[in-house]
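Worksheet: one structure, shown below.
Throughout, read-outs are computed from the coordinates displayed, never taken from laboratory work. Everything numeric in this text was worked out from a predicted model, so none of it was measured. In this analysis, Cβ positions are derived from the backbone assuming ideal geometry, glycine residues included, and neighbour counts consider all displayed protein chains.
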Amino acid sequence: MKTIKQLSKQCTPEEYIKKNSNYLRGTISEDLKNNITNGFTGDNFSLIRFHGMYQQDDRDLRKERNMQKLEPRYAMMLRCRLPGGVISAKKWSKIDFFASKKTLYGTIRLTNRQTFQFHGILKKHLKNAHKMLHEIELDSLGTANDVNRNVLCTSNPKQSLIHQQCYSLAQEISNFLLPQTKAYAEIWLDKEKIATTDKEPILGKTYLPRKFKTTIVIPPYNDVDLYANDMNFVVIVENNEIIGCNVLVGGGLSFTHGNKRTWPFLASALGYISIDKIISVTKAIVTTQRDWGNRTDRKNAKTRYTIEKFGFNAFKEEVEKRANIIFEPVRSYHFIERGDLFGWKKSINNDWSLTLFIQNGRIYDYGDQFIKSGLSKIASFHTGNFRLTSNQNIIISEVSDDNKKKIEEIAKSYGLVKKISKLRENSMSCVSFPTCPLAMAEAERMLPNFITQIEQIMLKYNVENEVIIFRVSGCPNGCGRSLLSEIGLIGKSIGRYNMYIGGNRIGSRIAGMYKENITEKEILSHLDFLIDNWASDRNIQEDFGDFVIRKKFVKKIINPIHDFWS
Ligand code: SRM
Ligand code: SF4
């Protein structure tokens with residue numbers, strides 16, 4: 001057993017913080033009583049992430065507050081845990097109320113991992129936030145830092161029977177992998193400290209080496225972008241029942257500008273397992289990553305680097321040994337798309353669902369679109385659920401025939417449904433400025449107008465009704481999953497981006513770098529050239545991403561470890 005001193009020498013400071021935290025307690029409770037600062041001090045800055053919160057400050061105000069010698073405008077972002085993205089309309093009303101009354105921005109932000117974030121909660125309101133969530137049987141455990149994150153599950157409302165089973169699986173896996181420490185209940189819900197010893201049988205005392213992401217996927221829809229995740233279960237359905245799943249591991253999209261020891265990678269298949277093996281295989285994969293993952297360099301700590309270091313076969317054999325199984329050959333499946341199915345759809349239970357486009361997942365009222373008020377109005381009488389999609393959109397589901405008309409009228413009068421281009425429907429951006437501390441360039445705030453300009457180019461070349469998957473991330477962490485798009489931007493500095501092209505429609509190909517460090521104006525000029533070429537020279541039904549690869553405008557990324565940087 002290594003001493004903490006030895007550990008701190010070899011491991012990253014984060015490992016030391018986890019080990020010393022008394023199962024994630026740190027001195028968070030003391031900091032909550034400290035009125036001198038609106039922030040958290042020392043290790044608590046990192047530890048609150050294990051409880052689902054990030055300390056941020058408004059970057060638009062940084063300079064001014066600095067000049068006035070004021071503390072940065074600290075406030076917390078809180079991310080809820082919502083496996084499979086399902087929240088009842090009743091619960092939505094509560095979170096909507098909280099966002100309006102107790103956050104600095106008054107918005108709710110849907111994320112591309114099927115959950116929502118509050119931005120701008122002052123330290124003094126944090127306990128209220130957790131208590132409110134607890135009252136509606138929600139929490140923010142396991143949504144940040146070195147644990148398994150919100151478990152994604154295909155949102156397609158048409159396949160509700162299978163979806164229901166997958167949704168239950170998503171919940172089961174999420175619960176199975178949750179931290180067991182009572183720290184969350186003690187600190188945020190004022191539960192009395194129970195005099196027992198905490199144990200973390202799955203995650204271990206120092207938790208995972210890095211964040212870990214899981215999906216459950218129902219082909220032919222890859223809306224969850226499975227290839228970007230650490231552990232994925234692609235379900236195989238026979239006679240309308242899930243019989244098993246293919247297991248894929250080692251996906252991830254982030255890299256660091258200029259650091260060739262970092263690269264994006266697509267999840268690859270370990271093999272097929274029957275449905276009853278899911279939990280034992282989950283445990284085996286997570287504990288292998290826990291024990292084998294790199295704890296000395298956080299940039300090389302995710303599952304894909306563990307697999308690269310030990311070899312795919314060694315990783316697979318270890319998982320087989322730990323789960324006491326042998327993977328069968330992969331069963332056949334295919335994907336047709338990743339987008340959401342907008343508008344009204346009848347489900348197999350004969351009720352209805354309405355999928356609404358939410359630009360970048362931001363729930364607020366703007367212009368002639370009263371998204372927040374409209375959803376709030378619907379939530380006040382809707383008896384079904386809201387389903388959040390991995391594309392940052394929302395599905396109002398389980399709508400009865402009686403309520404359909406009422407919801408239709410509200411959707412119309414509040415501007416919830418608007419005719420928009422397919423380009424916009426398929427667009428996505430990360431949050432970036434002003435709240436993200438890691439942002440290098442604008443993303444959420446630049447995307448709407450930028451899309452308008454690409455729409456004009458598409459109109460010019462008569463392809464305005466076509467789909468192109470366009471995504472923006474404010475830095476190479478790649479939260480907007482730009483590297484799995486047909487055109488993806490990744491922020492370099494204010495107003496400048498790397499431009500990547502050549503991902504495919506189903507999200508199984510990483511885009512390659514077309515131009516480095518260019519301005520928005522330059523990007524539009526390159527797009528004018530490329531879209532003109534695509535419009536005039538493409539094969540029948542050839543997607544933009546496939547076209548730019550065939551025409552060699554960009555190199556096809558086959559093995560990202562070598563190809564991404566060359
Ligand atoms: Fe992310 C960090 C927002 C999905 C890769 N991400 C962050 C932080 C928390 C910044 C920070 O560490 O201080 C961002 C908060 C911004 C804000 O103000 O809200 C942030 N990430 C987001 C969200 C909200 C983007 C969105 O617009 O939807 C997504 C929240 C998902 C969720 O509900 O859990 C989000 N982040 C992703 C994805 C996409 C995905 O998971 O499908 C990725 C790329 C896939 C991957 O993991 O490789 C992603 N985020 C990162 C990374 C790079 C991790 C790495 O492997 O190196 C960071 C930085 C880090 O962890 O050190 C990061
Ligand atoms: Fe922030 Fe970068 Fe993620 Fe965008 S991609 S939310 S800028 S960490």
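Summary of computed values
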| quantity | calculated |
| --- | --- |
| Cβ-based charge dipole, the chain, positive-most Cα from 222, 294, 237 | 294 |
| The chain - mean residue ellipticity at 222 nm from DSSP helices (-39,500 (n - 2.57) per run, n ≥ 4, rounded to 500) | -9500 deg cm²/dmol |
| Positive dipole terminus of the chain, leading residue within 461, 140, 206 (C-beta point charges) | 206 |
| Exceeding the 18 Å Cα-Cα cut-off - candidates 213/299; 515/555; 211/316; 213/422 | 211/316; 213/422 |
| Pairwise label distance in nanometres, residue 136 with residue 555, each label 7 Å out on the Cα-Cβ vector | 4.9 nm |
| Given charges at beta-carbon only (K, R positive; D, E negative), |dipole| of segment 423-563 in Debye | 400 debye |
| Virtual spin-label span in nm between residue 331 and residue 537, 7 Å along Cα→Cβ | 4.4 nm |
| Compactness of segment 1-138 as Cα Rg over 2.2 N^0.38 Å, two decimals | 1.19 |
| 21 Å Cα-Cα reach of residue 419 towards lysines, excluding residues that sit fewer than 8 places from it in its own chain | 345, 346, 372, 404, 405, 406, 460 |
| Environment charge of residue 489, counting only residues whose C-beta is closer than 11 Å and scoring Lys/Arg +1, Asp/Glu -1 | +2 |
| Rounded if a/c under 1.5, otherwise prolate or oblate - the chain, Cα gyration tensor axes | rounded |
| Given charges at beta-carbon only (K, R positive; D, E negative), |dipole| of segment 213-355 in Debye | 720 debye |
| Farthest toward positive dipole pole in the chain [+1 Lys/Arg, -1 Asp/Glu at C-beta], among 78, 355, 549 | 78 |
| Stretchable slack from residue 90 to residue 508, in nm (0.36 nm times residue separation minus alpha-carbon distance) | 146.8 nm |
| Estimated distance in nm for a label pair at residue 27 and residue 198, the labels positioned 7 Å out from Cα along Cα-to-Cβ | 1.7 nm |
| Electrostatic dipole magnitude of the chain [Cβ: Lys, Arg +1; Asp, Glu -1; Cα centre; debye, to 20] | 1480 debye |
